[in-house]
Amino acid sequence: MREELGRVSGPHGEVALWRRTDDDGAVVTELVVDGVFAMDDVDTSTERALATEALARVDGAELAVLVGGLGLGWTTAAVLRSPGVAEVVVVELEDALLGWAADGLLPGLRSTADPRLDLVAGDVACAFTPGRYDVVLLDVDNGPEFLVHGSNAGLYGTAGLTRALAALRPGGVLAIWSADPAPALLERLADTPGTRDVEQLVLPVEREGRVFEYAILLARCG
Ligand SMILES: C[S@@+](CC[C@H](N)C(=O)[O-])C[C@H]1O[C@@H](n2cnc3c(N)ncnc32)[C@H](O)[C@@H]1O
């Protein structure tokens with residue numbers, strides 16, 4: 001059974017939120033953005049790992065974190081649960097998702113009441129204020145080779161990576177989620193001036209009897 005929780009057309013196409021019950025009785029929420037499957041919550045371990053792996057690499061008690069896109073809220077909730085986080089700015093392209101978050105419809109983030117949380121509508125590419133964050137987390141596509149919006153391509157080029165890295169304080173960490181290992185992006189990160197500790201974590205996830213290899217790419221500023 002598949003039930004539509006919401007559907008809105010906007011400047012970036014249509015965004016739709018679905019809930020389905022799998023054969024084993026599990027309730028799954030699914031997000032479709034501009035006709036492209038963006039995600040579901042069958043296994044959210046890597047969305048959460050995007051937050052925990054990046055935050056494990058920084059020290060501090062008053063950490064500021066930028067998250068680009070909200071999706072179903074799993075990464076954001078993992079940031080809010082992590083020690084030392086004082087401020088979380090989430091930039092999401094689709095207004096509708098912010099409304100569904102406020103209505104408690106996102107399975108990863110049932111409440112938006114945390115005073116540390118600032119949910120902002122917009123393009124994360126316009127949110128890279130220089131030297132503002134300890135951690136920048138990007139999960140806006142299915143990966144650099146499988147974009148949800150073609151306009152996001154610039155995020156993964158040298159100029160886009162430079163702007164994202166410049167949003168970090170010295171020692172801060174940029175982390176990017178990808179549905180596949182991304183060797184070209186890894187190389188580009190390593191070649192971007194001012195980066196160090198560049199690494200890729202390959203995370204196997206089993207779904208419907210198949211093993212998928214998702215990846216998280218990490219780079220430190222300065
Ligand atoms: C795969 S989902 C993110 C999943 C999220 N990590 C989670 O844990 O649920 C991708 C999200 O990024 C948003 N998005 C796509 N391009 C964006 C952009 N340029 N700026 C901000 N958000 C964007 C999409 O609307 C979608 O909500």
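The values are calculated or read from the model by the stated rules, or taken from the named source; none is laboratory data. Please read all numbers here as calculations on a predicted model, not as lab measurements. Cβ atoms come from the backbone with ideal geometry, glycine included; neighbour counts cover every protein chain shown. These area figures cover heavy atoms from the full protein model, side chains too; ligands, DNA and RNA do not enter into them. Shrake-Rupley method; radii C 1.70, N 1.55, O 1.52, S 1.80 Å.
Just a few scattered comments:
- Euclidean distance between Cα centres, the stretch 52-108 to the stretch 156-222, Å: 18 Å
- Options Leu217, Ala121, Leu174, ranked by Cα towards positive dipole end of the chain, top entry (Cβ charges): Leu174
- Within the stretch 43-221: Cβ-based charge dipole about Cα centre, in debye rounded to nearest 20 (Lys, Arg +1; Asp, Glu -1): 400 debye
- Model label sites at Val36 and Arg116, defined 7 Å from Cα along the beta-carbon direction, differ in position by 3.1 nm.
- Against the rule of thumb 2.2 N^0.38 Å, how large the Cα Rg of the chain comes out: 0.97
- Anisotropy class of the stretch 100-182 from Cα gyration tensor, a/c 1.5 cut: oblate
- Loop sites in the stretch 169-222: GluC sites (Glu not before Pro), DSSP, at most 14 other Cβ within 10 Å: Glu208
- Mean separation of Cα contacts under 8 Å (6+ apart) over length of the chain, as relative contact order %: 16 percent
- Sorted largest first by accessible area at a 1.4 angstrom probe radius, with every protein chain in place, the residues Leu66, Leu117 fall in the order Leu117, Leu66.
- Sites Ala184 and Asp103, calculated FRET efficiency, Cβ-Cβ separation with R0 45 Å, nearest 0.05: 0.70
- Overall, the accessible surface of the chain at a probe of 1.4 angstrom is composed of carbon and sulfur to the extent of 51 percent.
- Label-reachable residues, the stretch 208-222, where backbone N falls under 11 Å from a point 7 Å from Val202's Cα toward its Cβ: 213-215
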